[in-house]
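The values are calculated or read from the model by the stated rules, or taken from the named source; none is laboratory data. As the structure is a prediction and not an experimental result, all values here were calculated from the model. FYI the Cβ positions are ideal-geometry reconstructions off the backbone, even for glycines, and counts take in every protein chain you see.
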Amino acid sequence: MLIRSSIKIQTETLPLLPSSDINKSMVISNGSNRPRGWFEFSEERFERLKQEIKKQPKDYILNVNEAEYQKHLLSAFSFEPLQLFEESLDIQPPRQRERKLDENERRRYSPYYWECNIACLVEGSAELWGIMPTIYSIGGRPKFAVSGSKITFQFNIQSQDPDEFNQEKNSALRSLREHVQAINNNASTFNAQLPAFISRQFAEVKEAYIQENSFFTAINVTKNPDAPKTYNVPKIEKRPAIQKPTVTAKTCVPQPTVDNKTYRDIIDCLTRFGLSAERKPSLYVGKDEEALRDLFLMQLEVSFDGGSVTGETFNRSGKTDILLKNNDGTNLFVGECKVWKGPKHYLEALTQLLEYLTWDDSKTALIIFVKGPNLSAILQAVNQVTLTHPAAVSFVGTRKERFLQFIFKLPQDDQKHIAVEVMLFHFDKMAEGRG
């Protein structure tokens, strides 16, 4: 075993143990020999979120303000980034410790070393300190404990040598900084995925309850009169505290709406046709917005039986470009077509689409025809401005980069949510026309 001879011995006459042996405890973090990995930790958190939604009573899910409840879940399950305030370092007096050595080792080495503890103010989600990020240093982290807004980390030195102390202190701080940066990167990715995940999970649970209620209504199941009508708000120990919304006495009536599978079939039909038309300019060359709309109408007509597809049809407060009706007269799908003329015009098109909708309409699309060459810049603009619309609730996800799903609220009823698919097709040889 190598002996560190460069250390000046101030209190002992025997050689000291090598610093690598003294600091074996530095790889132990938060009292655990094997910190939990990020993938396991994040998957468990997603699962807890799913169970949190599923455990809510049916009446709560069916009647709660979706936007407020989803904000509550986002507040409860998102992470606050860790911050380490090094200017607040509180260096505590080092304490001399004695290591247990056998008789042979005592003849060769000094058993004494100095245990150093330094406290520092921190902020953020405390559980992140005990999680191993996806990228980490093989050197490990110092032993530490977190209590409230303070972290205390520990390292050992062989003698009362200021240079050795500063070297070990700086090494410990460096490893903590690396942990903060790596785990914050993981937490940021997790937070970015949360809104779409929450929206998707809530929609699945609510859709199942709606279908169940429709079935119960069809077979005349008697509703339990003792079902609770209001719900308590849980306490969340996290900033900012967005409280779980309550539900007043209300009974959800099954809505005459298209199911998600049929909606996806409609969207897929429009997507396939639009992408195919892009590759065959002869189909659209010289055609304006109205003529392009008629091509999409024709595709829907030949693809869906048992209903009617019309264009420029009155629906509530105006004429919508595409209206797919069921054979019982209920609307299955409402679509609007526009030529891209900039973000302001795009937001106005969203407003126009929403104003055309009745309370029973819930599945829609805004089809954008792009004539200019820079589709990437237009996609970026759509991503940037859509959620600035006053009726926008959340972003759900993206398909093939240029087909984006959003949730909006109905202007005349903010508890009624609308699925809006924004679809961009590049028809560079189309004619100039109205938009």
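Here are the numbers:
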| read-out | value |
| --- | --- |
| Given (1) touching a helix residue (DSSP H, G or I) at 6+ places or on another chain (Cβ under 6 Å); (2) modelled with pLDDT under 85, index of the condition Val385 fails | (2) |
| Enumeration of residues in segment 153-174 that are under 15 Å from Asp90 (Cβ atoms) and free of Cβ contacts under 8 Å to residues at least 40 places away in the same chain | Phe153 |
| Residues satisfying the stated conditions in segment 315-344, i.e. in a loop (DSSP other than H, G, I, E, B), at pLDDT 75 or above and exposed (fewer than 14 other Cβ atoms within 10 Å of the Cβ) | Gly342 |
| Matching option when the condition is more than 26 Å from Ala192 (Cα to Cα) and out of contact with any His (no Cβ under 6 Å at 6 or more places or on another chain), among Ile157, Ile61, Ile135, Ile131 | Ile157 |
| Filter result for Glu168 (at pLDDT below 90, part of a helix (DSSP H, G or I) and of a type in the set (Asp, Glu)) | no |
| Condition met for Lys150 (basic (Lys, Arg) and either surrounded by 19 or more Cβ atoms within 10 Å (Cβ to Cβ) or assigned by TED's automatic domain parsing to the domain that holds Ala419 (or both)) | no |
| Criterion (in the same structural domain as Glu278 (by TED's automatic domain parsing), touching a Leu at 6+ places or on another chain (Cβ under 7 Å) and under 28 Å from Leu194 (Cα atoms)) met by exactly one of Leu357, Leu350, Leu404 | Leu350 |
| Matching residues, segment 356-376, being assigned to a helix (DSSP H, G or I) and more than 24 Å from Gly286 (Cα to Cα) | Tyr356 |
| 1 or more residues closer than 12 Å to Leu176 by Cβ: qualifying strands (runs of 3 or more DSSP E) within segment 81-154 | 83-91, 112-123, 143-147 |
| Subset of segment 56-75 (residues that are within 23 Å of Phe41 (Cα to Cα) and surrounded by fewer than 19 Cβ atoms within 10 Å (Cβ to Cβ)) | Leu74, Ser75 |
| In segment 386-408, residue surrounded by the fewest Cβ atoms within 10 Å (Cβ to Cβ) [restricted to those that are within 14 Å of Ala203 (Cα to Cα) and in contact (Cβ under 8 Å) with a residue 40 or more places away in the chain] | Gly397 |
